[in-house]
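Taken together, the values in this text are just the output of simple stated rules run on the coordinates, not laboratory data. Just so it is clear, the model here is predicted, and its values are computed rather than measured. Note: ideal-geometry Cβ built from the backbone for every residue, glycine included; neighbour counts use all protein chains shown.
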Amino acid sequence: MDMMAGKFAANVTPLEEGMSLSDHPIRLEARDVCVHYGAKQALYDVSIDIPDRAVTAFIGPSGCGKSTFLRCINRMNDTIEGARVTGRIALDGEDVYDRSLDVVELRARVGMVFQKPNPFPKSIFENVAYGPKIHGMVRNKAEAEEVVVSSLKRAGLFEEVKDRLHEPGTGLSGGQQQRLCIARAIATRPEVLLMDEPCSALDPIATAIIEELIDELRENFTIVIVTHSMQQAARVSQKTAFFHLGKLIEEGDTANIFTNPAKKQTQDYIMGRIG
Amino acid sequence: MTISSSGPSTSAADEAKRARIRASLARRHLTERIFKGLGVAAVVTALALVGTLFWMVISKGYPAFTQANVALEVYFDPEIIDVDAAPVRAAGQSDADFRAQNLAWQRQVTLANWNAIVEQAVRDAAPAGFEIDARSALALVETGERHRLRDLFVANPALLGQRVPVEMLASANTDNWLKGTINRDLEDSRQQLSAQTRALADQLLENGTISFKFAWHIFTNVDSRSAPASAGLAGAFVGSLYMMLIVILLAVPIGVASAIYLEEFAPKNRWTDLIEVNINNLAAVPSIVFGLLGAAAFIQYFGLPRSAPIVGGLVLTLMTLPTIIIATRSSLRAVPPSLRQAALGLGASKTQMVFHHVLPVTLPGILTATIIGVAQALGETAPLLIIGMNAFVASIPATPFDQASALPAQIYLWQGNENRNFFEARTSAAIMVLLALMLALNAIAVLLRRRLERRG
């Protein structure tokens, strides 16, 4: 235990001075969420609260269901043939699986960044402006430009691309592409930002830049990040949930999970014995 | 095991393994060389065959683009053209009245013995003392040319009593004789032309009265059986264009829309599986069956006209649809899922995802599919025969509802013409026109594709 504490404690991002997670209101609330892909159950009775304006990390070995759960939040599982979700996920108390809620509106409120950078094969400008445009958030070119510039600035990409906004986004480096995708996602001013292993395809330097960015973004967004890397979870998140074999094993303050896990499975995973 | 344990000293097992690999290397390289050789041989064979085809078509077809012309001096003999003066519109005469009078006069002109005029012109052109009978003299010139003289006269009645140089088409048989497409050593009884005509043709060619000129009329004239030398492709060309237009206007939107619906929106269940299987089957249905369907449905049931490009176009549309649907679906399927997720994740609706993101990247693929389908339809003959487009039609269709031929049907007609010696070259010329049209279509596709891909 001591070794573990030494390994991660220094990395854990502390919450703001004098503030604990319990001071953050609950933004997302999941109760007894189960997911089936056809006959196969991928997720078992997951219940968790996601705090507002903080980073929540989902960790666990491959195939543990963390990405599956993440995709339930903005209903991206709807697009998978044969996927079935039961249970309740509430965003600000509103069930996202409610029939009266339009999935298009939900996804405008819950943005997503994917594992592999996936910019549209269009210009950098069009990439960022697309979301605001389809949601009617900008009415003219000047407004679009304002959103594009501010989003790119927030994603820390503006300085690098300001002279080539009208060149294809696919011409950027991997790390830049991922920041472009983050800029694209935050351009629609989502309330929640889901990130599905956003750094797994990037080199360590690009990863560090994005981690720093995530830390800044948490001031304004509720962020849920899925990651393979425990170090990353320790570095960027305030809350951590550990998944294993489709079950949520343990959740809590990141500092607690890494220094003082309650369950043996969590401990084993953090020590590198499973996974 | 650590790396240092497999240091520089090689064990016997390692040595044996390497020996085994080396022993198999020769065989593996040989297999590769054989496979490469077979590939090269296949490509060379294919190229050689295509080259032979082109060489045969072009070498046979190019003589058809020049034709023997006879420069004659035509005397509009008032004794032969014994007609009233052309009517002049009198003051106060009604339109209908004048038209009727004019038509009556034109009929009179038509009934004049124009053959005698042509015969006289040929005699005048013949060297002094050349004996030739009327039939032999007339056989030199294409029969349709007398109508041209009549038209010249109607257009300008002042020609009466004048001598005018007129360039006339030599008859198909004269053309054969001069080009040598008929055996010049055949005995008289087996020759198409009399000895007098043959001798005259040779002499006129020598003194320059007969010369070979580019045969523009292949492109501007319609088919002709009575005057084969003047037969052209214009009617068939326009018929084919109408059909292509119908195919592009119907098959492309319907095919692309079906493919998008089936691929992006339709639920995956037994019904859509059934539809998919059936579309694949339709693509394999012999084209003649589509012709029968067209005859039964469009002509028999809906009462559309026979031999009309509208029916041909509809039949070819049915035939092209599966090709376009299948190719469009496969290019939609090739779009990476990450692009769809990116759009959906931003809150784009499915329709927005398809039209803003998926369709633009598949456009080059759809375009290729379209061109392949249209090119296939352009060359299709069998269904056209069933719906009567192999009929002899001597007019350019004004609308797709008029009777018309089509380029492949015209090729079929010409290759079966009884005047083989003349129409063999004509057929190859028609094939060249059809191939040129297809190559042009393909070139357009390549250009468009390049532009779209550069933009993407």
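For chain A, the longest principal axis of the alpha carbon atoms and the long axis of helix A:141-154 meet at an angle near 40°.
Extension gain for residue B:34 to residue B:420 (0.36 nm times residue separation, less C-alpha to C-alpha distance): 134.3 nm.
A dipole drawn for chain B from +1 and -1 charges on Cβ atoms has a positive end, and of B:326, B:159, B:291 the residue lying farthest that way is B:326. This model, with +1 at the C-beta of Lys and Arg and -1 at the C-beta of Asp and Glu, gives region A:23-167 a dipole about its Cα centre of some 360 debye.
Normalising by the residue count of region B:234-455, find the relative contact order in percent from Cα pairs under 8 Å and 6+ residues apart. Provide the component values of the computation, followed by the final result.
Details: 284 pairs, mean separation 69.2, N = 222.
It comes to 31 percent, rounded to a whole number.
Taking the Cα atoms of chain B, the ratio Rg/Rh between the radius of gyration and the Kirkwood radius comes to 1.18.
Note on region A:91-243: with charges restricted to the Cβ of Lys and Arg (+1) and Asp and Glu (-1), its dipole about the Cα centre is near 260 debye. Histogrammed with a bin width of 20 Å, the alpha carbon distances of the protein assembly as shown distribute as 13, 28, 25, 18, 12, 5, 0 percent, first bin at zero.
In region B:269-424, taking the dipole from charged Cβ atoms about the Cα centre, the farthest positive-side position among B:379, B:422, B:408 is held by B:379.
Shielding by partners for peptide B:346-359, expressed as the average number of C-beta atoms from other protein chains within 10 Å of each residue's C-beta, is 5. Amide H to amide H distances under 5 Å link residue A:244 with A:249, where only residues 5 or more positions off or on other chains count and H is placed in the peptide plane.
Normalised size of region B:234-455, defined as Cα radius of gyration per 2.2 N^0.38 Å with N residues, equals 1.16.
Shown for chain B are the DSSP H helices of 24 Å or more along their axis, judged by Cα atoms, with a mean Kyte-Doolittle hydropathy of at least -0.5: B:12-61, B:234-260, B:309-333, B:359-379, B:420-455. In region B:411-444, which residues have a backbone nitrogen under 15 Å from the label point lying 7 Å from residue B:212's Cα in the Cα-to-Cβ direction? Within reach of a label on residue B:212, which here means backbone N under 15 Å from a point 7 Å along Cα→Cβ, region B:411-444 contributes B:422, B:425-426, B:429.
Using only helices, what value at 222 nm comes out for chain B when you add -39,500 (n - 2.57) per DSSP H run of length 4 or more and divide by the total residues, to the nearest 500 deg cm²/dmol? Show your work: numbers first, answer last.
Details: 17 runs with 274 residues, N = 456.
Counting only the DSSP helices, I get -20000 deg cm²/dmol.
FRET efficiency for the residue B:450 to residue B:160 pair, using the beta carbon distance and R₀ = 56 Å, is estimated at 0.35.
Give me the percent relative contact order of chain A, please, defined on Cα pairs under 8 angstrom at least 6 residues apart.
Numbers: 538 pairs, mean separation 80.1, N = 275.
29 percent.
Here the Karplus relation 6.51 cos²θ - 1.76 cosθ + 1.60, evaluated at θ = phi - 60°, turns the backbone of region B:228-233 into coupling constants of x, 5, 9, 5, x, 9 Hz, with x for every Gly and Pro. Cβ crowding within 10 Å, taken as a proxy for footprinting-reagent exposure, orders B:426, B:329 from fewest neighbours to most as B:329, B:426. Taking every Cα-Cα distance in region A:52-111 and sorting them into 10 Å bins starting at zero, the pair-distance distribution P(r) comes out as 19, 53, 26, 2 percent. Distances between placed amide hydrogens fall under 5 Å for residue A:113 paired with A:194, A:195, A:196, all partners being 5 or more residues away or on another chain. Between residue B:269 and residue B:15, the modelled labels are 7.1 nm apart [label points 7 Å from Cα along Cα→Cβ]. Apply 1/(1 + (r/R0)^6) to the Cβ-Cβ distance of residue B:225 and residue B:278, taking R0 = 45 Å, and write down the FRET efficiency to the nearest 0.05. Working from the Cβ atoms, E equals 0.55.
Here the residues B:356, A:166, A:36, ranked from fewest to most Cβ neighbours within 10 Å of their Cβ, fall in the order A:166, A:36, B:356. Excluding same-chain neighbours fewer than eight residues apart, the lysines reachable from residue B:213 by a Cα-Cα span under 28 Å are B:60, B:179.
What percent do you get for the relative contact order of chain B when only Cα pairs under 8 Å and 6+ apart count? Intermediate results must be reported in sequence, preceding the final value.
Values: 573 pairs, mean separation 83.2, N = 456.
That works out to 18 percent.
For the listed residue pairs A:116/A:247; A:239/A:263; A:66/A:264; A:40/A:239, the alpha carbons are over 21 angstrom apart in A:116/A:247; A:40/A:239. The angle between the Cα long axis of helix A:174-187 and the main principal axis of chain A comes to about 80°, on a 0 to 90 degree scale. Here residue B:338 and residue A:150 are evaluated by their C-beta separation; at R0 = 22 Å the FRET efficiency comes out at 0.30.
In region B:60-105, taking the dipole from charged Cβ atoms about the Cα centre, the farthest positive-side position among B:105, B:70, B:90 is held by B:70.
Could you give the dipole magnitude of the protein assembly as shown about its Cα centre, charging the beta-carbon of Lys and Arg +1 and that of Asp and Glu -1, in debye to the nearest 20? Mind dumping the intermediate values first?
Working: 70 positive and 72 negative charges, 375 e Å.
The dipole of the protein assembly as shown has a size of about 1800 debye.
Provide A:34, A:72 in ascending order of the number of other Cβ atoms located within 10 Å of each residue's Cβ, fewest first.
Working: A:34 16, A:72 25.
Going from least to most buried by this count: A:34, A:72.
Close amide H partners of residue A:42, meaning residues 5 or more places away or on another chain with modelled amide H under 5 Å apart, are A:35, A:36, A:37.
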